[in-house]
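Novice: Have a look at this one.
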Amino acid sequence: VLTVAGVCLAFGENHVLQDFSLTLNRGENVVVMGKSGAGKSVLIKCVIGLQRPDAGTITVLGQDLGALDHAGLDRLRTKLGFLFQSNALYDSMTVRENLLFPLRRQWLAHTPAQEAELVRQALTDVGLADTAALLPAALSGGMRKRIALARTLILRPDIILYDEPTTGLDPITAREIDHLIRAVQAKYNTSAVIISHDLACVRLTADRVALLAEGRCYAQGTYAEVSANADPKVHDFFI
Ligand SMILES: Nc1ncnc2c1ncn2[C@@H]1O[C@H](COP(=O)(O)OP(=O)(O)OP(=O)(O)O)[C@@H](O)[C@H]1O
C-alpha cells in the first residue's frame, strides 16, 4: 500500500533523507525509529505529499505522489489517517463535533441518522461510547488520544500514520493505546506507519521495525531481529 523508493531530501547542506526506501504491506504495522532530527517527521510529510523529495518516488495506494496535482493529493489524503502527537482536537467542540469535522470537511453527505451511527461506531471502536457530548477538556490524556483515533477512523482510512502515539502517557494508558492500535489493525485490516521510541509500544505494535539513520533505512526486521542487531547504531535504541 506504500512504497518509498530511493527518496532523497536535503535542506541546504542538511541531507536529511539519502536514498531512503521502505515498503508497507496491506494490514501491516511498521514502526519507524530514529534519533531526534533523523528525519522521521520529514519522511511522514513526504508520504502525505506535504514535502516533495528531491529524488526518488513515493507510491501510496498505487498512486505516484509525484504525478498527482493538488486535487489528486487531496483525494488520496482522504484515505490516509493521521494521528498527531498533540491529538489536534478542537477544544471548543464536543467529541461528537470533533468526530464529524473530517466528514464535513470532505463534503461527504450523510443524513443525521448516518452521522450518529458513524460517531457511535467510531466511539465504540475506541471504547468510549458515552463521551459524544463531552468537551476534550473533560477527558484524560489517554481518552483524548482515543478520541483523536476515533476521529481518524471515521473516514475509514486504508493507512494510518501514528506520530509517537504513547508519548506523554503513563505506562498503563500507553499499553492500552498499543492494544487499541492492534485492535484497529485487526478489525479494519488497516496498514500503519508508527513513529515511536517507546520500546514497549514498538514491541507490541510492530510487525516490522525500520530504523532511520544516516538518512536511509539503516536496519529493518521484526522487533526480535532488529533488537538483536549487534551494530551499536542499532543496538543503542534498545537499551
Ligand atoms: N522545513 C524545513 N526546513 C529546513 N530544515 C528542516 C525542515 N524540516 C525539517 N528540517 C530539518 O530536517 C531534519 C529532520 O527533522 P525531523 O523533524 O524530520 O526529525 P525527527 O526525526 O522527526 O525528529 P524528532 O524525533 O525530534 O521529531 C532536522 O535537522 C530539521 O532541522
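Read-outs: derived from the displayed coordinates by stated rules, not from any lab. Treat the numbers as computed from the prediction; the structure is a model and nothing was measured. Using ideal geometry, Cβ is built from the backbone for each residue, glycine included, and neighbour counts are taken over all protein chains shown.
Novice: How big is the dipole moment of the chain about its Cα centre under a simple scheme where the beta carbon of each Lys and Arg is +1, that of each Asp and Glu is -1, and everything else is neutral? Debye, nearest 20, please.
Specialist: 460 debye
Novice: Quick one: order ASP125, ASP69, ASP178 by neighbouring beta-carbon count within 10 Å, fewest to most.
Specialist: Ascending Cβ contact count within 10 Å gives the list ASP69, ASP125, ASP178.
Novice: A further question follows. Count of lysine pairs in the chain with Cα atoms under 19 Å apart, counting only pairs 8 or more residues apart in sequence or on different chains?
Specialist: Lysine pairs, 8 or more places apart or on different chains, close enough: 6.
Novice: Can you give me the distance in nm between label points at ALA5 and ARG203, each placed 7 Å from the Cα along the Cα-to-Cβ direction?
Specialist: In this crude label model, ALA5 to ARG203 measures out at 3.7 nm.
Novice: Amide H to amide H, which residues 5 or more places from GLY27 or on other chains are under 5 Å from it, using H placed in the peptide plane?
Specialist: SER191
Novice: Just to check I understand the Karplus step: with θ = phi - 60° and J = 6.51 cos²θ - 1.76 cosθ + 1.60, what whole-Hz values come out for segment 88-101, glycine and proline as x?
Specialist: Running phi through 6.51 cos²θ - 1.76 cosθ + 1.60 with θ = phi - 60° gives 6, 7, 8, 5, 8, 9, 5, 4, 4, 5, 4, 5, 6, 3 Hz.
Novice: Where in the chain is the longest stretch that carries no GluC sites (Glu not before Pro) classed as loop by DSSP and with at most 16 other Cβ atoms within 10 Å?
Specialist: 14-213
Novice: OK, next. For segment 101-239, what proportion of DSSP beta bridges, expressed in % and rounded to the nearest 5, is antiparallel?
Specialist: 50 percent
Novice: Counting DSSP beta bridges in the chain, what percent are antiparallel, to the nearest 5?
Specialist: Just about 55 percent of them are antiparallel.
Novice: Using Cα-Cα distances under 8 Å and only pairs 6 or more residues apart, what relative contact order does segment 77-175 have, in percent?
Specialist: 49 percent
Novice: Would you mind calculating the gained length between ASP69 and GLN106 on full extension (0.36 nm times residue separation, minus the Cα-Cα distance), in nm to one decimal?
Specialist: The span from ASP69 to GLN106 would gain 11.6 nm if fully extended.
Novice: Would you list MET93, MET33, MET143 from fewest to most Cβ contacts within 10 Å?
Specialist: Ranking MET93, MET33, MET143 by Cβ neighbours within 10 Å, fewest first, gives MET93, MET143, MET33.
Novice: So if R0 is 41 Å, what FRET efficiency would GLN121 and ALA228 give, r being the distance between their Cβ atoms, rounded to the nearest 0.05?
Specialist: 0.50
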